[in-house]
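Below is one structure, written out as structure tokens; comments come after it.
Computed from the coordinates by the stated procedures, all read-outs in this text should not be read as laboratory data. Quantities reported herein were computed from a predicted structural model and do not represent experimental measurements. We place every Cβ from the backbone using ideal geometry, glycine too, and count neighbours over all the protein chains shown.
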Amino acid sequence: MSSKPARFGVQMFPTDYAIQPVELAKAVEERGLDSLFFPEHTHIPASRATPFPGGIDLPKQYWHTHDPYVALGACAAVTERITLGTGICLVIERDPITLAKEAASLDMISNGRFVMGIGAGWNREEMENHGANYPRRWAEMREKVLAMKAIWTEEEAEFHGEFVNFDKIWSYPKPIQAGGPPIWIGANSKWVFDRVAEYADGWMPIGGMGSTAMEQLEAACEKRGRKAEDITLALFGAPDDAEQLAGRVAQGFTELIFSVPSEGRDRVLPLLDKYAALAEAQRQ
């Protein structure tokens, strides 16, 4: 279990009809919270067969959200302290050379405050609109992450794989953070532990983890020659109950991220006040 103090942040779909990213970022920082995360969907196909995993009709924020890198860049310009992250970035829908530059640029502009939460996604039709290989989306995501790491760390990066293939390139800026922005994988499957151990810096499940999760993570890290305590545990959708929140901290989560709805300031700002008070109570 990590000895790092717990940090608390929020995530919201930054839509065209909700409180706008700049105002939200300022409010998060002013209240002493530690981070702000934005998810992404480039679009939602008007006709799709893939059911929404939430078990309800797909909420409209999924096709009204800003591009997270543009939104986070605006947030970086008006804040000085908070971590800015994607939660999650759909890597397989993006060109890895372009995405590597976007991430490195955001990391530099924010002075090393960017965290890249990633996932393979669930909407098959959306991915296929981008030419992604849905059945092999995790393998494709892995290659794109490894290619980006090469671009971030090498003067003349090259990568030759099944999904990504390029000869030596020059690409700047390089990220401020050594090795590039931290990669946190947002997933809850039985395969996530090996993926985190191989090419990520953190695990970001939604809602919590099963009773054997830490043992599985430790085993996967040992297999890869890594230590589980070096992996950041980030809880997406942190509970707004003090006792439950304390329980998640006791489990080992050091990044706890509350959810706020895609609504106006009158709804969102009071929730930030509530979460800031919960965070402060946990810190004492």
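Under a GNM of the chain (C-alpha, springs under 10 Å), which listed residue has the highest mean-square fluctuation: 252, 73, 161?
Per the Cα network of the chain with a 10 Å cutoff, 161 tops the list.
Please identify which residues in the stretch 39-58 have an amide N closer than 18 Å to a label point set 7 Å out from the Cα of residue 125, following the Cα→Cβ vector.
Answer for this model: 41-58.
Name the longest site-free stretch of the chain, where the excluded sites are chymotrypsin sites (Phe, Trp or Tyr not before Pro) in a DSSP loop with no more than 11 other beta-carbon atoms within 10 Å.
Numbers: sites that count: 17, 170, 191.
In the chain, the maximal stretch lacking such sites is 18-169.
Lysine pairs in the stretch 7-283 with alpha-carbon atoms under 27 Å apart, 8 or more places apart or on different chains: how many are there?
Taking the stretch 7-283 as the scope, the lysine pair count is 22.
Using a basic spin-label model with each label point 7 Å from the Cα along Cα→Cβ, how many nm lie between residue 16 and residue 43?
Modelled inter-label distance: 1.4 nm.
Residues in the stretch 97-140, backbone N under 20 Å from the label point at residue 168 (7 Å along the Cα-to-beta-carbon vector): list them, ranges by number please.
In the stretch 97-140, the label zone of residue 168 (backbone N under 20 Å from the point 7 Å along Cα→Cβ) covers 97.
Would you mind calculating the gained length between residue 78 and residue 263 on full extension (0.36 nm times residue separation, minus the Cα-Cα distance), in nm to one decimal?
Working: separation 185, 0.36 × 185 = 66.60 nm, distance 2.08 nm.
Using 0.36 nm per residue and subtracting the Cα-Cα distance, I get 64.5 nm.
Helix-only estimate, please: 222 nm mean residue ellipticity of the chain, summing -39500 (n - 2.57) across DSSP H runs of length 4 or more and dividing by its residues, to the nearest 500.
Numbers: 9 runs with 106 residues, N = 284.
One gets -11500 deg cm²/dmol as the mean residue ellipticity at 222 nm.
Whole-Hz Karplus ³J(HN,Hα) for the stretch 168-176, in order, using 6.51 cos²θ - 1.76 cosθ + 1.60 and θ = phi - 60°, x for Gly and Pro?
Listing the rounded values in order: 4, 10, 9, 8, 10, x, 8, x, 5 Hz.
Given the Cα-Cα distance of residue 212 and residue 160 and 0.36 nm per residue of separation, how much length would full extension add, in nm?
Gain on stretching residue 212 to residue 160: 15.1 nm.
Using a Gaussian network model of the chain with C-alpha springs under 10 Å, which one of 24, 272, 58 is most mobile by mean-square fluctuation?
Largest GNM mean-square fluctuation: 58.
By DSSP, what percent of the beta bridges with both residues in the chain are antiparallel, rounded to the nearest 5? Could you put the intermediate results ahead of the total?
Details: 4 of 32 bridges.
Counting only bridges with both partners in the chain, antiparallel ones make up about 10 percent.
Quick one: check the C-alpha center-to-center distance for the stretch 79-140 versus the stretch 235-284, whole angstrom.
Here the two parts' Cα centres lie 24 Å apart.
In a shell of Cβ-Cβ distance under 12 Å around residue 74, excluding residue 74 itself, what net charge do Lys and Arg (+1) and Asp and Glu (-1) give? Before the final figure, lay out each step's value.
Values: positive: 26; negative: 23, 67.
That works out to -1.
Got a sec? Charge dipole of the stretch 7-283, +1 on Cβ for Lys and Arg, -1 for Asp and Glu; which of 252, 153, 210 is way out at the positive end?
After comparing all options, I get 210.
Mind telling me which of 60, 174, 101 comes out most flexible in a GNM of the chain, alpha-carbon contacts under 10 Å?
60
Report, in whole Å, the centroid distance computed from the Cα atoms of the stretch 21-56 and the stretch 165-234.
21
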